[in-house]
Amino acid sequence: MRLDRHGWLVETAAATAVGLLLAVFFTWPAIAHPASTVPGDLGDPLYQAWQLSWGGHALLHAPLDVWNANILFPLDNSLAFSDSLLGYAPLGLVGSGVGAALVRYNVVYLLAYTLAFAGTYVLARQLGCGRWAAVFAGVCFAYAPWRFAHNGHLNILSSGGIPLALACLVRGNGPVKRPRWAVVGWLVAAWQLTLGFGLGLQFASLMGILVLLAVGTWFATGRPPVPRRLLVANAAGLGAFLLVGVLFALPYVRAVNDHPEARRSAAEVALYSPPLRGLVTAPGESRVWGPPSEERRAGLPAAVEQALFPGLSVLLLAGVGLLAGGWSVRRRIGLAVGTVVATAFAMGTQFVGGGRFTYLLLFEHVPGWQGVRTPGRLITLVSLGLVLLAATGVDRLQSLVRRRAPARVLGALVITFALVEGLNTVGTPSVGPVPSAWRGIRGPVMALPSDYGNDYAAMLWSTEGLPGLVNGTAGFIPRELERLRAETAAFPDASSVAALRAIGVRTVLLDTTRSPGTPWEGAASRAVDGLGISRRDVGSSIVFDLAPGS
């Protein structure tokens, strides 16, 4: 395909508009009540809603201190304890407080699906596919059954930058050289890295392989001359990509060095590694394939990460594309080999030889991979390879129909099948009102009860002013927080107050509606006489001031 600049931009805009409509349809009712609900569950979405708020706040007030987030006080570098989503930070400049945080999260959630569709569409088109085939590829990538299990993982859903970056790079380095688009491709690739290394590591690995292949091909074809502007554009873009990668990697390296508990073990990798049957197992959220997969899913210890079915239509048409697609044999075989290799790595320790010569090579010897316990998330690259092969398969089937109208009907049928496979259920739990005690709270503060579940809510509530917060949940739980939870189990008493004052905590907020059944269920009835602290009731909470009168 050789679209001129106007045609390329018009198609990209149209694909984005269609992608947004599809996102609203497939995720409904996620956007129905954006200020009070979140898609998925009340776990990671609350954490990520806080992340988006913190990113915008830090850009505006402390751009050089963005990694030292308000959570997990007094630890430094706490934003690097999980994928940062900093690429979305500019959206955090608009609005403040919990309501704005939830609306922002829901909007970004929709945009993640939108970009996954649009990015794949323009990549397929840039590789020469027709519009029907490109739409099919976009639907199959954005709404593959395996994605539905990750409705609460915005960092995994945010994969649209991968195909979009590749599309821009192909456009820039294709037969018609367009240096500006090469730069744009590298910048989009760099932006994808800023969302986190959960996908960023595999994407960076892919980019490295593609660069080596490009250089190898250049040598193999006799080192043909490269336009100077294109060479400079790619060198500058690659430099920017590497610079962003290094700058974002440093905080994560420091996090692992400062907190050895952040390192994953081979046993964790084994727990999350999907067996071969996982590739034909859909999550329960898939309306079409979830029920037939129930028995296979029941045998998976971590089904969210192991139910990786990419869809029947994409598998069948990928086979057609491989055997008879319109692309060159070299391209089809190369894409198929890459997809198979990615699948082998995605199986982790479940692949032949216990993964010793595939995933564990990365895990044990390549920097960064020690922090990744979920091999199955490489299904992102597997899906992308499959949908591209399937797209050229659609083109081939349409080419066998000589008349235009029947070819369009065929295209509509395969797209309809993909859309049906994309039907899913999206939970939209209500977050509930912000406890009134959080408004105007004086930090640093510790919210009680503090545990894995309740700290999600505490982080979201902290977007009311973003005070220093002892609580926090991330990719791992720091030992310092676990120790403080144990030290404050009898709060309020002399030792717990002393432990909190030692790290600078000024306020403790006890939520009496959440404390029953936790170590802090008796905290409301304990006396504070002689402790040098004060207490006051604010709605359903009790606010303890550890520095009264200051």
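Bear in mind that the values in this text are calculations on the coordinates, not laboratory data. If you're wondering where the values come from, they're calculated on a predicted model, not measured in any experiment. Positions of Cβ are generated from backbone atoms using ideal geometry, with glycine treated the same way; all protein chains shown enter the neighbour counts.
Give me the distance in nm between label points sitting 7 Å out from Cα along the Cα-to-Cβ direction at LEU210 and ALA490, one decimal.
Distance between label points: 6.0 nm.
Give me the angle, in degrees from 0 to 90, between the Cα long axis of helix 404-421 and the longest principal axis of the Cα atoms of the chain, rounded to the nearest 10.
Here the helix axis deviates by roughly 30 degrees.
If I take R0 = 30 Å and measure r between the Cβ atoms of VAL10 and HIS33 in this structure, what FRET efficiency does the formula 1/(1 + (r/R0)^6) give, to the nearest 0.05?
Working: r = 34 Å, r/R0 = 1.14.
Calculated value: 0.30.
Which residues make up the longest stretch of the chain that has no trypsin sites (Lys or Arg not before Pro) in a DSSP loop with at most 10 other Cβ atoms within 10 Å? Intermediate results must be reported in sequence, preceding the final value.
Values: sites that count: ARG402, ARG403.
Excluding the exposed sites themselves, the longest stretch runs over 1-401.
Loop only by DSSP, 16 or fewer other Cβ within 10 Å of the Cβ. Give me the GluC sites (Glu not before Pro) in the stretch 427-530 that pass, ordered by residue number.
Working: sites: GLU464, GLU480, GLU482, GLU487, GLU521; in loops: GLU464, GLU521.
Counting only loop positions with at most 16 other Cβ atoms within 10 Å, the GluC sites (Glu not before Pro) in the stretch 427-530 are GLU521.
Once the Cα atoms of helix 228-258 and of the chain are each reduced to a long axis, what angle between those two axes, in degrees from 0 to 90 to the nearest 10, is obtained?
Rounded to the nearest ten degrees, it is 30.
May I ask you to derive the relative contact order of the stretch 152-200, considering only C-alpha pairs under 8 Å and at least 6 residues apart, and to give it as an integer percent? Can you show the working numbers first?
Numbers: 53 pairs, mean separation 19.7, N = 49.
Relative CO of the stretch 152-200 lands at 40 percent.
For the chain, find the longest principal axis of its Cα atoms and tell me its angle to the long axis of helix 131-142, 0 to 90°, nearest 10.
30 degrees
When the helices in the chain are scored as -39500 (n - 2.57) per DSSP H run of 4 or longer and the sum is shared across all residues, what 222 nm value do you end up with, to the nearest 500 deg cm²/dmol?
Numbers: 20 runs with 291 residues, N = 550.
Theoretical 222 nm ellipticity from helices: -17000 deg cm²/dmol.
Taking H placed 1.01 Å from N in the peptide plane, check which residues at least 5 places from ALA447 or on another chain put their amide H under 5 Å from its amide H.
The answer is VAL470, ASN471, LEU509.
Rounded to the nearest 0.05, what FRET efficiency do SER328 and ARG180 give with R0 = 45 Å and r taken as the Cβ-Cβ distance? Could you check? Mind dumping the intermediate values first?
Details: r = 27 Å, r/R0 = 0.60.
FRET efficiency, SER328 to ARG180: 0.95.
If you plug each phi of the stretch 87-96 into the Karplus form 6.51 cos²θ - 1.76 cosθ + 1.60 with θ = phi - 60°, what whole-Hz ³J(HN,Hα) values come out, in order, with x for Gly and Pro?
For the stretch 87-96, the Karplus-derived couplings read x, 8, 3, x, 5, x, 6, 9, x, 8 Hz, x marking Gly and Pro.
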